[in-house]
1. Within the set 51/105; 4/51; 44/104, which residue pairs have Cα atoms separated by over 27 Å?
2. So what are the three principal axis dimensions of segment 1-45 from its Cα atoms, in whole Å, longest to shortest?
3. Determine the share of the chain's accessible area contributed by carbon and sulfur atoms, expressed in whole percent, with a 1.4 angstrom probe.
4. Just to be sure I understand: if I project the alpha-carbon convex hull of segment 54-135 onto a plane and average over all orientations, what area do I get in nm²?
5. From the mean inverse distance of alpha carbon pairs (Kirkwood) and the Cα radius of gyration, derive Rg over Rh for segment 102-141.
6. May I ask you to order 125-133, 50-58 by the average number of other C-beta atoms within 10 Å around their residues, highest value first?
7. Can you give the accessible area of residue 21 in Å² (nearest 10), computed on protein heavy atoms with a 1.4 Å probe?
8. About the Cα centre, and with charges only on the beta carbon of Lys, Arg (+1) and Asp, Glu (-1), how big is the dipole of the chain? Nearest 20 debye, please.
Amino acid sequence: MTYKGPDVTRVVIQKTERRMFLFNGNTVLKAHEVQLGFTAAGHKQFEGDGKTPEGRYHIDRRNPDSQFFLSVGIDYPNDRDRAYAAQMGRKPGGDIFIHGWGDKKRVRSQDWTAGCVAITNREMRHVYAMVRNGTPVDIYA
């Protein structure tokens with residue numbers, strides 16, 4: 001899929017509302033319902049905690065061969081995340097993505113990822129085409 005519309009200048013994920021918005025400036029280009037980590041409340045701090053990070057991150061990679069259909073990577077952990085985990089004697093985890101549902105049938109109302117943000121495969125086709133590496137991702141509680 002190709003995209004020839006306005007640039008996506010920011011991705012905003014609102015965890016409490018389970019919504020993701022793709023913005024161009026102050027204009028919402030697309031909005032999607034999302035599923036989050038299986039322990040969604042709170043900021044991701046450690047490997048295996050099942051939480052989705054909170055804060056400012058960026059899209060830093062793309063995976064056209066993801067086991068969850070397509071995916072775009074989020075640059076978690078940042079320096080602050082790594083420092084906190086090290087201070088606690090733990091690993092911060094990683095490999096956080098916005099990705100599709102993959103081959104399994106999913107229920108929109110159930111969080112199931114290991115800390116990622118999931119949308120339907122059809123929606124992921126659009127996001128994959130629209131979002132570029134370097135795009136800021138703001139994740140709020």
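1. Numbers: 51/105 22 Å; 4/51 34 Å; 44/104 25 Å.
Where the Cα-Cα span goes over 27 Å, the pairs concerned are 4/51.
2. If we take the Cα atoms of segment 1-45, the spans are 36, 24, 19 Å.
3. Numbers: 3590 of 7440 Å².
Carbon-and-sulfur percentage of accessible area, whole number: 48.
4. On the way: hull surface 23.9 nm².
Quarter of the Cα hull surface area: 6.0 nm².
5. Values: Rg = 11.9 Å, Rh = 12.2 Å.
Ratio of gyration radius to Kirkwood radius for segment 102-141: 0.98.
6. Working: 125-133: 17.9, 50-58: 19.7.
Sorting 125-133, 50-58 by mean packing, highest first, produces 50-58, 125-133.
7. In the full protein context, residue 21 sits at about 40 Å².
8. Details: 22 positive and 16 negative charges, 57 e Å.
Dipole magnitude for the chain comes out near 280 debye.
The values are calculated or read from the model by the stated rules, or taken from the named source; none is laboratory data. Fair warning: this is a prediction, and the values are worked out from it, not measured in the lab. Note: ideal-geometry Cβ built from the backbone for every residue, glycine included; neighbour counts use all protein chains shown. The accessibility values were calculated without ligands, DNA or RNA, using every heavy atom of the protein model including side chains. Shrake-Rupley method; radii C 1.70, N 1.55, O 1.52, S 1.80 Å.
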